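The structure appears right after this line, and notes come after that.
Coordinate-derived values only; no laboratory data. Keep in mind the model is a prediction, meaning the values are calculated, not measured. Note that we place each Cβ from the backbone using ideal geometry, even for glycine, and neighbour counts take in every protein chain shown.
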Amino acid sequence: MGEFLARYSKHLPAPKMGPYISDVLFFTPFAQMVLYSSRQGIYSAQQAEVDGRTKFSTVDVSVYIYFTQTYGPYVPSGSSGNDTRMRGSNFWHDLKFHVFDGDVLREPASIYGEPLYLCSNDGGCSLVAHKFI
């Protein structure tokens, strides 16, 4: 299944500057159905057919964004530029993306973000990336 779902994702190289768009996942209804059915216990072909028609009618796009040296977790605050603050967990609102079906621009039905945190054993956590769909 891993090989099958890998066809629906693209890993990108890190940029020289700016945020790192590391991975883009483009799950069609068929790919979503494969993932969903793999998580079911006993699952019949008949139930899969019903679920395929009723649960999966849109494409899900996920984008993973990571901080870099030039687009880090801290931003200047105040007019002096010497003070910094943690970048907000909704930083992904500043980034734009477009999805095309051939030459046709498709508008997303919804967009949302979810912060991802890197936590150490000493209990400290920092925002390191954001996923939006």
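For the stretch 1-105, the relative contact order is 26 percent, taking Cα pairs closer than 8 Å that sit 6 or more residues apart in sequence and dividing their mean separation by the residue count. Magnitude of the charge dipole for the stretch 2-132, about its Cα centre and with charges confined to Cβ atoms of Lys, Arg (+1) and Asp, Glu (-1), is about 100 debye.
Taking the C-alpha atoms only, the angle from helix 29-38 to the longest principal axis of the chain is near 80 degrees.
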